[in-house]
Amino acid sequence: MVLYSSALLWLCCDLLLLPSSVTAILRKLKQQSRESVADKRPKLLRALKELGDFYFELHWDFQSWVPLLSRILPSDNCKIYKQGINIRLDTTLIDFSDMKCQRGDLSFIFNGDAPPSKSFYVLDNEQKVYQRIHHEESEMETEEEVDILMSSDVYSATLSTKSITFSRSQIGWLFREDKTERVGNFLADFYSVNGLVLESRKRREHLSEEDVLRNKAIMESLSKGGNLVEQNYEPQRRLSLTAPDPNTISWEEYISAEHGKAPHLGRELVCKESKKNFKATVAMSQDFPLGIESLLNVLEVIAPFKHFNKLREFVQMKLPPGFPVKLDIPVFPTITATVTFQEFRYDDFEESIFSIPADYKEDPSRFPDL
């Protein structure tokens, strides 16, 4: 299995500097991801079928500690419909990274009865077009992704939960008491999340001086209130980097090194590590009709979207009793999100909302990143 390499836990593709090698590893990682989804599919569909039919809303509000950045970050109110093994997600936010934000009036439809290659669609309700979510990427798409990887800083961010604890949030000046408030339609107990650490590492030895200056200019523009969408750029096609000086370490010396302390091969790393204590609050409700395991099954379907995947990772932690109707989660090293479950009801729906409208036309290239 191609996943992590070295004691530093960098992804294999993070350690490569030759485009052909990055391409090969990237394809293998994507193949393994598809195989993992295919293996989980039967169990996931059974779990969805056992759930009742329901509708719920959740609100995303993104913030940052970077000056002025919070005021240009997006918010989103998602509506999720589930009936049988079909799911529909209505959203205004299709793609969000620390350098790019793409908005619209969008619907994602998952049809569990359809073959995997035809089960997931995205609808642009403004332009009345739809696109099938890609399972296989074209050669050009893979090359463009490699070009972006080789011209961007390599980030590795992990949320350390080794020392995490939960304590009841308190209110009141003289007479302190546990905080309990309504979140949407649900009464919830509030907890402070303690000991949550965001560990991030950034590498850039693969970048040219031009890459470093361009990326720095983008971040400076964002910190001064520039628009996220305006920061998009066309990646430059590159063959490879200049080879580093030859290494004199023998194979015997390398394999006999102490575990975790193997001698470094190749280009000297330019790496910056940081740890940031993450202050968070979670509101747990005993009234919410859905269990966390059921929520995870729904999120498994829509996990290809980065911020939903972060939500799924967070609720997999050992949380206090109840359902997390409001929580803070780190999405990127400089960006956090407050997620609020505002409404939930069991309901029946017209089958048509899980179908592509007859007047919509297919546009395979409407969303090139999907």
Extension gain from A38 to L213, taking 0.36 nm per residue of separation minus the Cα-Cα distance: 58.8 nm
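For region 245-355, what does the relative contact order come out to in percent, with C-alpha contacts under 8 Å and a separation of six or more?
Once divided by the residue count of region 245-355, the mean separation gives 23 percent.
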What full-extension length gain, to one decimal in nm, is calculated for D359 and T338 as 0.36 nm per residue of separation minus the Cα-Cα distance? 3.9 nm
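Using a ≥ b ≥ c from the Cα gyration tensor of region 269-368 (square roots of the eigenvalues), is it rounded, prolate or oblate, where a/c under 1.5 gives rounded and otherwise the larger of a/b and b/c decides, a/b for prolate?
Details: a/c = 2.91, a/b = 1.24, b/c = 2.35.
Oblate is the answer for region 269-368, as a/c is 1.5 or above yet b/c matches or exceeds a/b.
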Inter-probe distance in nm under a simple model that places probes 7 Å from Cα toward Cβ, at N194 and E50: 3.7
Whole-Å distance, taken between Cα centres, linking region 264-282 and region 326-370: 31
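Taking only C-alpha pairs under 8 Å that are 6+ residues apart, what is the relative contact order of region 113-214 in percent?
Reported as a whole number, the value is 27 percent.
A short reminder: the numbers here are calculations on the coordinates, not readings from a lab. Bear in mind the structure is a predicted one, so any value in this text is a computation, not a measurement. Every residue, glycine among them, receives a Cβ derived from its backbone with ideal geometry; neighbour counts consider all protein chains shown.
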